[in-house]
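Okay, structure first, notes after.
Any read-out appearing in this document is the output of simple, stated calculations on the displayed coordinates, not a laboratory observation. Predicted model, so just to flag it, every value in this text is computed and none were measured. Counting neighbours? That spans all protein chains shown, and the Cβs are built from the backbone with ideal geometry, glycine included.
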Amino acid sequence: MPLDAFREPTVVEELAQAAFIWENFKVDVSLRIGNGDFSNAATSVCVLDFVLMLQAARVTLRESRLAVFELSDRQGEWHFTRDKELIGLRTQYATRKGWHFRPAEGHCRAGEFDSLVEQSLRDALALIFSRQPVTRQSPYLQALASNGFDAA
């Protein structure tokens with residue numbers, strides 16, 4: 001039963017989708033695309049928020065050459081690009097002097113990116129279920145496990 005200072009304990013079946021995306025199951029993501037290491041931009045992130053960002057980028061890049069997203073709990077932009085069958089990624093962070101790109105930049109083939117996104121969802125759910133088996137009772141997580149991103 002998750003509990004925080006502002007709410008009463010809640011059974012897993014009653015947890016809203018936002019509880020899994022914004023508040024719980026934070027991880028340090030290790031993400032490398034091509035020669036770019038983006039792990040520094042993905043420390044202590046909600047694992048489902050991160051995976052859903054990757055999916056949103058994948059969907060957007062099917063119709064556009066640029067997709068820019070932020071994680072729900074922090075400033076910082078993830079710039080995904082598509083040039084034919086090549087997906088690129090750069091991240092940007094804010095300072096008092098404006099926005100700055102991090103030095104990491106990576107590229108991979110679109111098929112590799114698609115595989116990464118699909119595997120990320122499976123891995124995120126496996127992690128959540130292994131650490132908190134009771135979460136298998138969540139209707140939202142059950143839908144993600146059985147229907148994939150269609151349930152998101």
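Residues of the range 27-52 falling in the label zone of F101, defined by backbone nitrogen less than 20 Å from a point 7 Å along Cα to beta-carbon, are 31-42.
Residues whose amide H falls under 5 Å from that of L31, counting only those 5 or more places apart or on a different chain, are F38, S39, with hydrogens built in the peptide plane.
The gain in end-to-end length when the K26 to F129 segment is fully stretched comes to 35.7 nm, 0.36 nm per residue minus the alpha carbon separation.
Look at the dipole of the range 29-140 built from charges on Cβ: of A57, V134, N40, the Cα furthest out on the positive end belongs to N40.
Rounded, prolate or oblate: which fits the range 60-140 when a ≥ b ≥ c are the square roots of the eigenvalues of the alpha-carbon gyration tensor, with rounded for a/c under 1.5 and prolate only if a/b beats b/c? Oblate, because a/c is 1.5 or more while a/b does not exceed b/c. The structure-derived value of Rg/Rh (Cα atoms, Kirkwood Rh) appears in the list (i) 1.08; (ii) 0.95; (iii) 0.99 under the label (iii).
If R₀ is 25 angstrom, what is the calculated FRET efficiency for the pair D37 and D150, using the beta carbon separation as r and rounding to 0.05? Efficiency for this residue pair is about 0.20.
Angle of helix 47-61 to the longest C-alpha principal axis of the chain, folded into 0 to 90 degrees and rounded to 10: 40°.
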